Amino acid sequence: MRGDEATISAAFAGTLGAFSLDVAFDAPMRGVTALFGPSGCGKTTILRCMAGLQRLSGRLTVGGDTWQDDAARKFRKPHERSVGYVFQEASLFPHLSVRRNLLYGARRSERTDKAGALEFADIVGLLGIGHLLDRAPVALSGGERQRVAVGRALLSQPRLLLMDEPLAALDRIAKDEILPYFEALHEKLSIPIVYVSHDLAEVERLADMLVLLDGGRVLAAGPLSDLEADPALPLLRMSEAAVTLEGRITAIDEAYALTSLSVPGGTLILPGRRGGAGSYRRLRIRASDVSFARTRPLDSTILNCLPARILSVSRQNGDDAQVNVVAGLGEDGAGARIVGRITRKSQEALALVPGVTIFAQIKSVALIASGA
Amino acid sequence: MLDFDELWSPIRLTLELAAISTVALLFVGTPIAWWLARSKARWKEAVATVVALPLVLPPTVMGFYLLIALGPNGPGGWLAGLFGGRSLAFTFESLVIGSVFYSMPFVVQPIRNAFEAFGDRPLEVAATLRASPWDAFWSVAVPLARPGFLTGAVLGFAHTVGEFGVVLMIGGNIPGETKVLSVAIYDYVETLQWTQAHILAGGMLVFSFAVILSMMLIEKRIGRPGL
């Protein structure tokens with residue numbers, strides 16, 4: 001696990017009071033990697049260690065730069081790391097205006113005049129904070145403050161942006177207001193983001209990669225859609241189990257106002273005109289919205305009925321009525337994975353076992369984000 | 001008749017002493033306050049107690065030990081020896097040193113409280129924005145602790161102006177050198193010069209009232225925005 005140019009490689013171990021942490025994971029130097037798990041699983045501690053705000057033994061390389069390596073007695077102090085950190089509370093400097101908050105880190109970072117440098121005007125535009133520049137932080141709403149905090153972190157030209165539950169302190173309305181801005185960042189900026197959250201809905205909207213944590217250990221790490229459909233992991237057993245897919249808009253049916261999106265192994269149809277052909281959308285399919293049929297139903301109202309192959313069937317913990325069926329889209333099952341939660345009775349009646357080719361009926365597909 | 005020069009001399013001396021002592025108090029007190037606010041050392045409360053001792057110690061006790069320390073056989077005498085003197089006691093410098101010790105808790109406590117009030121977070125934010133600890137101290141901690149500095153400076157100044165016991169012990173009563181206001185008033189009363197005592201005492205009364213009032217007004221104004 002040597003760090004190279006395209007990888008963030010982290011390993012930390014130590015104890016904090018009664019809590020012991022022992023984690024190691026790799027994340028790509030692009031996109032959003034979510035550290036996800038229940039409260040108290042060590043997510044924030046890992047993030048603080050990555051920023052150098054806290055020190056546990058371990059090793060951290062970011063895109064080829066070593067920030068910590070105990071074997072080489074190397075530990076870069078926080079201000080010597082090219083990192084941006086967004087705290088749960090915006091923590092703007094109350095004695096500085098919004099503009100001077102934004103420029104605080106910008107003034108102190110080495111000016112990289114290379115093409116990738118983030119410009120003040122671009123960041124301010126992207127986050128929609130242009131009209132706030134001369135205000136004092138106390139005069140901002142919670143959502144506005146958090147946007148300024150993100151802008152401030154980005155303008156210090158970090159190689160890595162760390163976000164510690166940046167939406168947790170906000171109410172539902174403020175969350176909905178700020179999420180589109182985060183998605184825009186994800187789409188427009190190439191900077192890698194490590195995002196801590198215990199809210200699956202946020203993770204589904206933003207994350208590409210997932211590091212699943214529990215009790216100070218890594219349960220699994222990998223692409224979000226893989227982990228969601230892994231019968232060995234708790235995500236599939238949650239009551240709101242779902243998969244997220246990236247879909248590309250292929251056609252708009254103007255007459256019926258339907259949008260077709262191509263996903264690996266099939267095409268999904270969504271009601272409404274959901275954007276121009278060629279653009280990407282992130283979709284979410286809940287396990288409870290998926291049912292299966294042995295033959296193609298000919299008289300169903302459900303539009304999305306795709307051939308698929310069953311990959312796994314797993315029992316629910318403490319539930320002998322329902323099972324989780326993971327299927328790969330396409331007759332060969334090589335496409336995107338979807339999960340369906342059905343009764344054990346139906347599963348046995350239809351003899352749904354791994355390898356069987358079936359038709360997956362998807363009652364509803366939710367569009368959750370504009371996608372990458 | 002009133003001799004205005006004689007009246008003015010202790011006032012000027014007092015103001016000089018208070019001004020110099022306040023500057024010295026901020027220089028010495030700020031690092032102590034910072035350490036007390038940020039250190040995780042177990043024995044830091046012991047240090048805090050030493051700093052706070054003048055609050056309860058009779059000034060004569062403080063003055064007595066300072067007299068010994070500053071005298072010919074103490075470190076003060078040794079220091080004076082370097083400059084060709086014999087002792088630091090009964091000099092203006094000794095009053096400054098005494099004032100710094102005596103007024104220290106009034107300066108350290110508000111500044112420490114102000115440093116503690118904003119916690120670790122603003123400094124962590126500054127660090128993740130590339131500010132070195134020294135940089136963060138000046139650009140974040142000091143501005144955020146501004147009301148504490150103001151209170152500390154005003155209290156330190158005012159307390160030095162009102163000092164009597166320590167001055168008497170280590171400064172004596174040398175006109176133009178150590179004869180400050182409070183000693184002068186005492187002197188006038190001793191010698192039954194009531195008019196002069198009235199002028200100085202009344203002036204002190206007005207001064208104290210003005211100091212505390214303006215401090216409260218300023219705190220009200222600058223303590224609010226953003227905090």
### Task
Could you let me know the centre-to-centre spacing of the stretch B:182-210 and the stretch B:91-109, using Cα atoms, in angstrom?
22 Å
### Local net charge near A:ALA168, Cβ-Cβ under 13 Å (Lys/Arg +1, Asp/Glu -1)
-3
### Message
Using only the Cα atoms of the stretch B:1-116, what semi-axes does the equivalent ellipsoid have when each is the square root of 5 times a gyration tensor eigenvalue? Give whole Å, largest first.
### Response
29, 20, 13
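Could you state, as a whole-number percent, how many of the C-alpha pairs of chain B are farther apart than 32 Å? Write out the running numbers ahead of the final one.
Numbers: 7404 of 25651 pairs.
Roughly 29 percent, once rounded to a whole number.
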### Query
How about A:LYS363: which lysines have a C-alpha closer than 28 Å to its C-alpha, ignoring those fewer than 8 places off in the same chain?
A:LYS175, A:LYS345
### Query
In whole percent, how big is the carbon plus sulfur part of the accessible area of the stretch A:242-370, probe 1.4 Å, protein atoms only?
50 percent
### Positions from the stretch B:98-138 whose accessible area shrinks by 50 Å² or more when the full protein complex is built, not the chain alone, probe 1.4 Å
B:ARG121, B:GLU124, B:VAL125, B:THR128, B:LEU129, B:ARG130
### Part-to-part distance (alpha-carbon centres) for the stretch A:180-235 and the stretch B:1-46, which is given in Å
56 Å
### Message
What's the whole-number percent of alpha carbon pairs in the stretch B:54-112 lying beyond 16 angstrom?
### Response
45 percent
### Message
Around A:ARG274, under 14 Å between beta carbons, what's the net of Lys plus Arg minus Asp minus Glu among the other residues?
### Response
+2
## Note on the structure
CD proxy, 222 nm, the protein assembly as shown: helix-only mean residue ellipticity via -39,500 (n - 2.57) per DSSP H run with n ≥ 4, per residue, nearest 500, stands at -12500 deg cm²/dmol
### Query
Whose amide H sits under 5 Å from the amide H of A:VAL86, counting only residues 5 or more places off or on another chain, with H placed in the peptide plane?
A:LEU162, A:MET163, A:ASP164
#### Entry: Chains A and B, summed buried accessible surface - 1.4 Å probe, Å², nearest 100
1900 Å²
### Query
For the stretch A:179-259, what mean projected area does the convex hull of the alpha carbons give, in nm²?
7.5 nm²
### Message
Less than 13 Å Cβ to Cβ from A:GLY42, Lys/Arg counted +1 and Asp/Glu -1: what total charge do the surrounding residues give?
### Response
0
## Note on the structure
Compactness check, the stretch A:3-237: C-alpha Rg relative to the 2.2 N^0.38 Å globular estimate gives 0.99
### Query
For the stretch B:15-89, which whole percent of the accessible surface, found with a 1.4 angstrom probe, sits on carbon and sulfur atoms?
74 percent
### Task
Output the Kirkwood hydrodynamic radius of the protein assembly as shown, Cα pairs only, in Å rounded to one decimal.
29.3 Å
### Query
Bin by bin, in steps of 5 Å, what percent of the Cα pairs in the stretch A:316-368 do you find, going until the bin that has the longest distance?
4, 17, 27, 24, 17, 9, 2
### Solvent exposure of chain A as accessible area per residue, Å², 1.4 Å probe
42 Å²
### Query
What is the spread of the Cα atoms of the stretch A:242-370 along each of their three principal axes, largest first, in whole Å?
44, 29, 24
### Query
How far is helix B:59-70 tilted off the main Cα axis of chain B, in degrees rounded to 10, range 0 to 90?
90 degrees
## Note on the structure
Most packed first (mean Cβ within 10 Å per residue), the peptides A:142-149, A:272-279 order as A:142-149, A:272-279
### Query
At 37 °C and 0.692 mPa s, what whole-number value in µm²/s does Stokes-Einstein give for the translational diffusion of the stretch A:113-171, with Rh from the Kirkwood sum over Cα pairs?
263 µm²/s
### Query
Which trypsin sites (Lys or Arg not before Pro) from the stretch A:285-336 combine a DSSP loop assignment with at most 16 other Cβ atoms within 10 Å?
A:ARG294
## Note on the structure
Rounded to the nearest 10, the angle in degrees between the Cα long axis of helix B:146-161 and the longest principal axis of the Cα atoms of chain B comes to 10 degrees
### Summary
Expected integer from the mean partner chain Cβ neighbour count at 10 Å over A:123-136 is 0
### Query
Given N residues in the stretch B:106-227, what is Rg(Cα) / (2.2 N^0.38 Å)?
1.48
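Could you calculate, for the stretch A:274-339, the ratio of the Cα radius of gyration to the Kirkwood radius, expressed as Rg to Rh?
1.02
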#### Entry: Stokes-Einstein diffusion coefficient of the stretch A:1-109, Kirkwood radius over Cα pairs, 20 °C, 1.002 mPa s, in µm²/s
140 µm²/s
### Query
How far is helix A:98-108 tilted off the main Cα axis of chain A, in degrees rounded to 10, range 0 to 90?
70 degrees
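The values are calculated or read from the model by the stated rules, or taken from the named source; none is laboratory data. Fair warning: this is a prediction, and the values are worked out from it, not measured in the lab. Note that each Cβ is placed from the backbone with ideal geometry, even for glycine, and that neighbours are counted across all protein chains shown. Protein only, heavy atoms only, side chains kept; ligands, DNA and RNA dropped before computing areas. Shrake-Rupley method; radii C 1.70, N 1.55, O 1.52, S 1.80 Å.
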